[in-house]
Amino acid sequence: MRENILFLLQIITIDFFTAFGLYSILYLIVSIFIKKPILYKIDEEAVKFISLAGVIYFAVWIIGIFVFYAESNPEEQNDLINRLFGKYWFGIWFQPILWFALTQLLRFKKVSKNALLRIVFSFLLIVSIEQFIIFITSFHRDYLPSSWTMYRDLDIYPSNFFLALLIKIMVFLLFVGIYYLVKSQMKKFAINRIIEN
């Protein structure tokens, strides 16, 4: 059960939150040059989808805490309680609450249409607090410039990297399309049920 919860949380954070952040940056650039109503409709559905993903993420995260507690031995349970409510409790709670709050704030039109807020939200959805701290502290190490390489541990080169980002955005838009189709079919079904009664 633990593995399933962790896998689901990873899918939501990497495939949805990160992809939405990348999509938002692309959307803001494209919307400068293209003023089509379909573009705004796609963005509206993407915002609704990521808001739902934020609710699902937070619910699964809370359920995960209870599952981890139930499946742990007494010593691990004590450690979990100390991490959740101990001296450094904010380190555990801050990131999930931040992602939940950001995705729910996007429900407001003033927030979702504000370009500056979208850029800030995109950055916060793409880069977690942990990744940001690792990135900042890596600049404070005593590295020699000869040891600096951009792609040392990765087999991703610039052409593949941009292609991977584009595919991530396209997969995200595919899920947004599926969400829109399911939502519209559910509305039609509900209307038909009301008419029949």
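The values are calculated or read from the model by the stated rules, or taken from the named source; none is laboratory data. All values derive from a computational prediction rather than experimental measurement. For neighbour counting, all protein chains shown are included, and Cβ atoms are generated from backbone atoms with ideal geometry for every residue, glycine included.
Overview of results
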read-out: Close pairs from the stretch 87-98: first in contact (Cβ under 8 Å) with a residue 12 or more places away in the chain and closer than 16 Å to L124 by Cβ, partner hydroxyl-bearing (S, T, Y) and not in a helix (DSSP H, G or I), Cβ under 8 Å, at least 6 apart; value: Q95/S128
read-out: Pairs, first under 13 Å from Y27 (Cα atoms) and in contact (Cβ under 8 Å) with a residue 40 or more places away in the chain in the stretch 108-122, second among the β-branched types (V, I, T) and surrounded by 12 or more Cβ atoms within 10 Å (Cβ to Cβ), C-beta under 8 Å, six or more apart; value: S112/V47; I119/I25; S122/I25
read-out: Some residue of the stretch 99-106 being surrounded by 14 or more Cβ atoms within 10 Å (Cβ to Cβ) and part of a loop (DSSP other than H, G, I, E, B); value: yes
read-out: Residue identified as in contact with an Asp or Glu (Cβ under 6 Å, 6 or more places away or on another chain), surrounded by 12 or more Cβ atoms within 10 Å (Cβ to Cβ) and at pLDDT 90 or above among Y57, Y40, Y27; value: Y27
read-out: Helices (runs of 4 or more DSSP H) contained entirely in the stretch 108-169, each with at least 1 residues that are at pLDDT 85 or above and in contact with a Ser or Thr (Cβ under 6 Å, 6 or more places away or on another chain); value: 115-126
read-out: Residue list for the stretch 32-45, filter: in contact (Cβ under 8 Å) with a residue 12 or more places away in the chain and more than 20 Å from the chain's Cα centre (by Cα); value: L39
read-out: Selected residue (only one of V55, V67 is in a helix (DSSP H, G or I) and out of contact with any Ser or Thr (no Cβ under 8 Å at 6 or more places or on another chain)); value: V67
read-out: Selected residue (criterion: surrounded by the fewest Cβ atoms within 10 Å (Cβ to Cβ)) from residues of the stretch 1-17 that are within 8 Å of the chain's Cα centre (by Cα) and not polar (S, T, N, Q); value: I14
